[in-house]
Amino acid sequence: MHDLNDFPAQALPDGLRHARHIEAALSGGLDSVVLLPLLARLSSAKRAGRSGCRHAGRLNIKLTAVHVHHGLQDEADGWLEFCRDYCGRLAVPLRWQKVDVVSDGLGIEAAARQARYCVFGETEADVLAAAHHADDQVETFMLAALRGGGLRALSAMPAVRPLNRRTLLWRPLLPYGRAELEVYAERHKLAF
């Protein structure tokens, strides 16, 4: 079991250590509401040198958030307002975009995902952080297995992969289960 309180100490994989701008995907749900303050803490964490000694200063990471307004549920406007308020309280700039979800032969969830990733791909950040967790990983694997997916499909979600030519997609919560996120949210009185 991993401890979310150790998040800054274990967060940035080697391939992301030179990131200067991280944008967090923020839906307003449990996962992303937990991720954003963890990233805020990371962006203000002191840098440890090779010797393990801490150097003064911050990691020098600009943190922003992005919310995609799908408009598929009656509560969608409220979710946007929640995200605006939450980002305001954390002093994290929020970029948001309303999208038209057109299924074009895809299921509505797949079409929404496609629209979301189009917005994500417009980021100016070096890294886009998504709040997928261990339970999402298991679900992705099981769905791929039920669909008869090949090796690529069965490999589920990597922790880091290219989003586009300039931005990496990072899933820092993959080591954690939903129950751990719930405990963290309750302990820190995070509404979602």
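Read-outs throughout are calculated quantities, based only on the coordinates presented, and are distinct from any laboratory measurement. All values derive from a computational prediction rather than experimental measurement. Cβ atoms come from the backbone with ideal geometry, glycine included; neighbour counts cover every protein chain shown.
General remarks:
- The stretch between Glu122 and Leu190, if pulled fully straight at 0.36 nm per residue, gains 21.6 nm over its current Cα-Cα span.
- Peptides 117-129, 96-108 ranked from most to least packed by the mean count of surrounding Cβ atoms within 10 Å: 117-129, 96-108.
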